[in-house]
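Okay, so here's the structure we're looking at.
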Amino acid sequence: MAAQLLFFYFGGVTIAGAIVAVTSRNIVYSALSLLVAFIHIAGIYVLLNAEFIAAVQILVYAGAILVLYLFVLMLFNPSEEKLYLHKQAKVGIFLGVVVLFMMLFAGYKTEIIGKGGPLTAQAVKEMGHTRVIGNALFTDYLFPFEVASLILLVAMFGAIVLAGRGVHRKKGPAGRIDLSYRDKLPKKSSETPEEVIVGR
């Protein structure tokens, strides 16, 4: 009974954190909500007797990956990106509902839900979580593992391109970046709007 209550708690908070992370207009709140979702996913792994996966979830996702997301978010200008990121919210919600329905339908028709794998809980305890996961990743699932790393690399390049969008730097002599455009930028006036109107 206690395990079921904990599962509903971890699952509910994970779903709520994921929804807030996607729908929030503040990128800092989105990152913090994603952190809450990652931590509660680790709690679900603990309930499934996968302590090693839970530790990796905390160290890698709640630690390294989230910090990487924060560094990428720091490169954006929030005032310009709010409208851009939420411009297609209705399309995203529609596609999310369609994908969720397809997953539930596939699980109901193909009996994926509740179907066990070749390794039992006792076999995993005897071999150890680390050995079982390492054997699976670098033998049967080596190609998907490498594809996932390639997708992360593409995402990093995409973040760099988005962060540098609209920035044009001219190179001067000897390949140095020309910063003379700063002198041509309009300087901020210390006059109040009333003084400017009176002066005109």
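The values are calculated or read from the model by the stated rules, or taken from the named source; none is laboratory data. Computed from a predicted model, the values in this text were never measured in an experiment. Cβ placement follows ideal geometry from the backbone for every residue including glycine, while neighbour counts extend to all protein chains displayed.
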Of all the residues that make up the range 45-77, how many are of a type in the set (A, V, I, L, M), outside any helix (DSSP H, G or I) and farther than 30 Å from residue 125 by Cα? 1
So is residue 42 in contact (Cβ under 8 Å) with a residue 60 or more places away in the chain, within 27 Å of residue 125 (Cα to Cα), surrounded by 14 or more Cβ atoms within 10 Å (Cβ to Cβ) and among the hydrophobic types (A, V, I, L, M, F, W, C) or not? no
Could you please tell me which pairs satisfy a Cβ distance under 6 Å, a separation of 6+ or placement on different chains, a first residue in the range 124-136 that is surrounded by fewer than 13 Cβ atoms within 10 Å (Cβ to Cβ), and a second residue that is part of a helix (DSSP H, G or I)? 130/52
From the list 69, 45, 29, 61, which one is modelled with pLDDT of 90 or more and hydroxyl-bearing (Ser, Thr, Tyr)? 45
